[in-house]
Amino acid sequence: MTLTLVLWFTIKTSLQVCGNQKEVKSMRISELSKLTGASIRSLRYYEAKGLIATQREENGYRVYNQMVVERVKTIQFYLSLGFTTEQIESFLNCVMKNQESQCDDLLPLYTEKLQEIEKQMEMLQLLQLNLKDRISYIEEQRRQGLPVGLPSI
């Protein structure tokens, strides 16, 4: 998680400077995939969901500008936190323009996600306890030379 945060905060958008004019480098979907680690299928999905924008060349190939790299990495960051693309869509434009603290919709989403994770952790702890009990039961039955079966409920 810490590595994800560090990577997200170190994202830099590179612009090629030509004299006094800034030229934004464009790339095809395969290059965007290599730069971001996102699969081509994921990138097409993000485009279909309206999370990233593309332009088309005359031959129909998708062309992305360098700014999309940062956007995709931001999407990946929020996916790694467990947010859905629908949730990300609701706040992505805000976090791309501002700091998180300035996005009013984000704090309630973070709070809700944290509550979901805490519930999942409780369930996992119960599962862990149940499995430990089963292991102990089986080991005890074997030590006593008894047949192993399901305990009576």
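Taken together, the values in this text are just the output of simple stated rules run on the coordinates, not laboratory data. Here the structure is a predicted model, which means the values were calculated and not measured. A quick note on method: Cβ atoms are made from the backbone with ideal geometry, for glycine too, and the neighbour counts reach across all protein chains shown.
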>> For region 47-153, what are Rg and Dmax over the alpha carbons, in angstrom?
In response: 24.2, 77
> How big is the gap, in Å, between the Cα center of region 41-64 and the Cα center of region 90-146?
Replying inline: 34
>> Using the Karplus curve 6.51 cos²θ - 1.76 cosθ + 1.60 with θ = phi - 60°, what ³J(HN,Hα) values do you get for each residue of region 100-111, in whole Hz, with x for Gly and Pro?
In response: 3, 5, 8, 9, 4, 6, 6, 4, x, 5, 4, 4
> What does the highest-first list of 74-84, 33-43, 104-114 look like by mean Cβ count within 10 Å?
Replying inline: 74-84, 33-43, 104-114
>> With the crude spin-label approximation of a point 7 Å out along Cα→Cβ, what separation in nm comes out for GLU139 versus ARG41?
In response: 4.1
> So what J values fall out for region 127-140 if you push phi through Karplus, 6.51 cos²θ - 1.76 cosθ + 1.60 with θ = phi - 60°, rounded to Hz, Gly and Pro as x?
Replying inline: 4, 4, 4, 4, 5, 4, 4, 4, 4, 4, 4, 5, 4, 5
